[in-house]
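Chemist: Once you've had a glance at the structure underneath, I'll fire off some questions.
The values are calculated or read from the model by the stated rules, or taken from the named source; none is laboratory data. All values derive from a computational prediction rather than experimental measurement. Backbone-built Cβ (ideal geometry, glycine too); neighbour counts: all protein chains shown.
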Amino acid sequence: MNTVKHLKGLSWQLLRKRPFLLKAAPYFPAVIAASWMGTYLDLYFVGRNLYEFPLRPFPDIFPINVAFTLFVLPLFTGMFLFLMNKMRKWGRAFFILFVSLIMPVVEKASELWGLFKHSNGWNHGYSFFGYYLFLVLIWGIFKRSKEK
């Protein structure tokens, strides 16, 4: 019977491979929460006529862009959490602030492309604070799910 031994001068630890689903498990609660929150917030704001989605799949059925809330938002949330998980505390704080600051610009660009339309009473400062709270909450959900 042959056994494999470490070289005496080698100080590397054995790499333990964790299955992908175990590594990704903490992401699922936060990504699903982001999708649900995005869906319900869109339904609320569209219902209040604060914004609308002129181009959306199944416009006769859904008043919101379900492609965004079911596919785009979870994808970007997963990427956001992956990057945040690699950063230190102050880096995370600045990253959340940075993403929150660029979201009003992204919204304005999406309005120019015809994907989004705000009411005249909308202030893009609302978007900054809304995304800031949203991202902090999603990060908190991720941290909690990672602890368990």
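Chemist: Taking region 59-76 only, how many residues are touching a helix residue (DSSP H, G or I) at 6+ places or on another chain (Cβ under 7 Å) and either part of a loop (DSSP other than H, G, I, E, B) or surrounded by fewer than 17 Cβ atoms within 10 Å (Cβ to Cβ) (or both)?
Modeler: The initial filter retains those residues of region 59-76 that are touching a helix residue (DSSP H, G or I) at 6+ places or on another chain (Cβ under 7 Å), namely 63-64, 69-70, 73-74.
From what's left, either part of a loop (DSSP other than H, G, I, E, B) or surrounded by fewer than 17 Cβ atoms within 10 Å (Cβ to Cβ) (or both): 63-64, 70.
Residues that pass the stated criteria total 3.
Chemist: Specify which of the listed residues (MET79, MET84) is at pLDDT 95 or above, more than 15 Å from GLY38 (Cα to Cα), touching a helix residue (DSSP H, G or I) at 6+ places or on another chain (Cβ under 8 Å) and part of a helix (DSSP H, G or I).
Modeler: Step by step, each of MET79, MET84 is checked, and only MET84 is at pLDDT 95 or above, more than 15 Å from GLY38 (Cα to Cα), touching a helix residue (DSSP H, G or I) at 6+ places or on another chain (Cβ under 8 Å) and part of a helix (DSSP H, G or I).
Chemist: To continue, here is another question. Please verify whether region 127-145 includes one or more residues that are surrounded by 13 or more Cβ atoms within 10 Å (Cβ to Cβ), among the hydroxyl-bearing types (Ser, Thr, Tyr) and in contact with a Ser or Thr (Cβ under 6 Å, 6 or more places away or on another chain).
Modeler: Yes; the residues of region 127-145 include at least one that is surrounded by 13 or more Cβ atoms within 10 Å (Cβ to Cβ), among the hydroxyl-bearing types (Ser, Thr, Tyr) and in contact with a Ser or Thr (Cβ under 6 Å, 6 or more places away or on another chain).
Chemist: What about ILE138, is it at pLDDT 95 or above, under 18 Å from PHE68 (Cβ atoms) and in a helix (DSSP H, G or I)?
Modeler: Judged against the criteria, ILE138 is a match.
Chemist: For region 45-96, enumerate the residues that are farther than 15 Å from PHE134 by Cα and of a type in the set (Ser, Thr, Tyr).
Modeler: The answer is TYR51, and nothing else.
Chemist: Now a separate question. State whether one or more residues within region 111-131 are within 17 Å of PHE28 (Cβ to Cβ) and either aliphatic (A, V, I, L, M) or in a helix (DSSP H, G or I) (or both).
Modeler: The answer is no; no qualifying residue exists.
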